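Worksheet: the structure to be examined is printed underneath.
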C-alpha cells in the first residue's frame, strides 16, 4: 500500500461518519416534529419543576375574622379637661394683668379604641381612655362619626361604657373568656398611637389570671388579665382582643413598656358583668366580707405550720364588718368558697365582689389545723381605705433587744391606745442586708404577733422567735401593722 493510499482511507472514513451523524440529526428532528414534540424552553422547565406555582394560594384564616370584627371596632377621640399650663406665655400675660383667677380652662387631646357591643349603640372601652373627658367623638371604620356620652365607668376594673346614636350599627359578638386556653389564637384590633386606625396584630393567649400589675393611666383594684403576645401599643387601649371565631374575648388594656410581646386584656366575662351594671344603674355595686387577705406563700404556710399552700390568709378582720360578725379571725386560712376550692387571692376577691350583696355564702377555713365552716352574709363594698403610715414617733425609750435583724422597743400605753391594740413592739431599726429587710420590714412598723401569738414587749418578742426556732420552723410569721393596715410577714429565722 502506497503512502498516498494510507493517508486517503482514514479521511474517507471520517467523511462517512459525519454524513451519518447529520442524517441521524435530521431524522430525529423530523420524528420529533411528526410526534408534536418540541424542546422545552428554560422557563417551561422551571414551571414544570414547581407545579404549585400556578395553583391558587390558600386564604389566611385571619381574613374572615378581621372582615367580621373590624367594622365594629371604633376609634375614640377624646378632649380631656386639664389644669392651665404655667408654660403658656398667653396665660402668663393674663395672670400678670388680671391675677390667678384669669387662667383659661384648657383641654388636652387623647385617643383610644373601643368596640360596639349591641344595636343600641353601646361601646365598650377602658375607663382610663375616657376619664375626665369633656368631649368624646367615636369614629367608625365606614367613616361615620358620632358624639358619645359616658353611660358609666368603673375605675376598679378599668371598664367604661359609652353610648352613640346611629342606624345600622355593626356589632362585635362577645365570646366566653372562661373557655379560652393558653395557646389559643389572639387577634388584637385597634388604633395604635392614635393614628394607625384599624390595625390588626396576631398572637396567642400566652397566660391567664395575671394580677398585681401597675397599669399606666390608673391601676385597677380587680385584676384577672389575659396575657397575649399580639402586639398592643398606646392607642390600642379599649379595643377588642378577638378569638379565631371573631368573638371578643377581652379588652386590650395594658402593655409592658420594657418588654416585647407582652400585653394584657381584661377578660370579656368580667367586662360584660361590669357593663351590664353600668348600663342598668350607671354604677357597679360589689359585695365584701370585710377582711384583708394575703396569698398563702410557702413561707407563711411554714410559719403557721400549715401543710400545703392552698387557700388565702386572713391578715386582718375589719371591726363591725360582715367577717367579724360571722366569727372570722385573723390567721384563718380560707380554703373553700361556696363549695369550691380557693387557690388564688385575686380570683377569690372577684368571686366575692361579683356575688350579690346580702347573699349568705359558705366558707371553710383552717383554724388551728382544723377545718371550720363559716357562713357570712355579704355586705356592700366600702371604697374608703386608710393607708396612712405613722412614723416612729412616740417618746424615745431605750431600744430593746437586737433580734432577727431588727431593733424593737416597747410601746407606751398611749401608743397602744392610739393604735387600738393591746400589745406589741415598734421596730426602730432594720439592719441592711438582713432577713428582716428582705422581708420588707421598716422602721416604725408595729409587730403585734409572732406565729399567731401576741407580742408582750421586747422580751416576749425574743421568746416567741426562740419558740419558732425550737419548733423547727424556717420562718417566723409576724403580724405587722403599718398605719391602719395589718399584714402577715414571714421572716426567715437565722440558723
Options 309, 256, 269; residue that is touching a helix residue (DSSP H, G or I) at 6+ places or on another chain (Cβ under 7 Å) and free of Cβ contacts under 8 Å to residues at least 24 places away in the same chain:
309
With the checklist (1) in the same structural domain as residue 273 (by TED's automatic domain parsing); (2) not in a strand (DSSP E or B) in hand, flag the one item residue 157 doesn't pass.
(1)
From 188, 254, grab the single residue that is crowded, with 17+ Cβ neighbours inside 10 Å and either under 13 Å from the mean Cα position of the chain (by Cα) or at pLDDT 95 or above (or both).
254
Please find, among 305, 246, the residue that is at pLDDT below 85, on the phi > 0 side of the Ramachandran plot, out of contact with any strand residue (DSSP E or B) (no Cβ under 7 Å at 6 or more places or on another chain) and not assigned by TED's automatic domain parsing to the domain that holds residue 125.
305
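Among 352, 361, 376, which is the only one that is in a helix (DSSP H, G or I) and at pLDDT 90 or above?
Details: 361 fails: in a helix (DSSP H, G or I); 376 fails: in a helix (DSSP H, G or I).
None of the others qualify; the one that does is 352.
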From the list 265, 275, exactly one residue is touching a strand residue (DSSP E or B) at 6+ places or on another chain (Cβ under 9 Å), buried (at least 22 other Cβ atoms within 10 Å of the Cβ) and closer than 16 Å to residue 123 by Cα. Which is it?
275
Based on what the data block shows, is residue 440 outside any helix (DSSP H, G or I), loosely packed, with under 15 Cβ neighbours inside 10 Å and in contact (Cβ under 8 Å) with a residue 12 or more places away in the chain?
yes
Here are some conditions: (1) in contact (Cβ under 8 Å) with a residue 60 or more places away in the chain; (2) surrounded by fewer than 18 Cβ atoms within 10 Å (Cβ to Cβ); (3) not in a strand (DSSP E or B). Residue 294 meets all but one. Which one does it not meet?
(3)
Within segment 362-377, of all residues that are in contact (Cβ under 8 Å) with a residue 40 or more places away in the chain and buried (at least 17 other Cβ atoms within 10 Å of the Cβ), the one farthest from residue 331 (Cα to Cα) is 376
Mind listing whichever residues of segment 278-291 are on the phi < 0 side of the Ramachandran plot and crowded, with 19+ Cβ neighbours inside 10 Å?
278, 284, 286, 287, 288, 289, 291
Pick from segment 121-140, criterion assigned to a strand (DSSP E or B) and touching a helix residue (DSSP H, G or I) at 6+ places or on another chain (Cβ under 8 Å), ranking: surrounded by the fewest Cβ atoms within 10 Å (Cβ to Cβ)
122
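What are the residues in segment 297-306 that are touching a residue at least 40 places away in the same chain (Cβ under 8 Å) and in a helix (DSSP H, G or I), if any? Lay out the reasoning, then the answer.
Our first condition is that a residue be touching a residue at least 40 places away in the same chain (Cβ under 8 Å); within segment 297-306, this holds for 297, 299-300, 302-306.
Residues satisfying the conditions are 299, 300, 302, 303, 304.
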Matching residues in segment 391-421 (at pLDDT 50 or above, in contact with a strand residue (DSSP E or B) (Cβ under 8 Å, 6 or more places away or on another chain) and part of a loop (DSSP other than H, G, I, E, B)) number 4
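From the list 414, 471, pick out the single residue that is within 20 Å of residue 483 (Cα to Cα) and loosely packed, with under 15 Cβ neighbours inside 10 Å. Talk me through it step by step, then tell me what you get.
Working: 471 fails: within 20 Å of residue 483 (Cα to Cα).
Within the list 414, 471, the selection yields 414.
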Just checking, how many residues over segment 141-153 are part of a strand (DSSP E or B) and more than 18 Å from residue 239 (Cβ to Cβ)?
4
Subset of segment 221-242 [farther than 10 Å from residue 264 by Cβ, out of contact with any helix residue (DSSP H, G or I) (no Cβ under 8 Å at 6 or more places or on another chain) and either crowded, with 19+ Cβ neighbours inside 10 Å or modelled with pLDDT of 90 or more (or both)]:
229, 230, 239
Only one of (1) within 17 Å of residue 303 (Cα to Cα); (2) more than 32 Å from the chain's Cα centre (by Cα); (3) in contact (Cβ under 8 Å) with a residue 24 or more places away in the chain fails for residue 487. Which number is that?
(2)
Over segment 316-336, the set of residues surrounded by fewer than 19 Cβ atoms within 10 Å (Cβ to Cβ) and either under 20 Å from residue 489 (Cβ atoms) or in contact with a helix residue (DSSP H, G or I) (Cβ under 6 Å, 6 or more places away or on another chain) (or both) is 318, 329, 330
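The values are calculated or read from the model by the stated rules, or taken from the named source; none is laboratory data. In this text the structure is predicted, and so the values were computed from the model without any measurement. Every residue, glycine among them, receives a Cβ derived from its backbone with ideal geometry; neighbour counts consider all protein chains shown.
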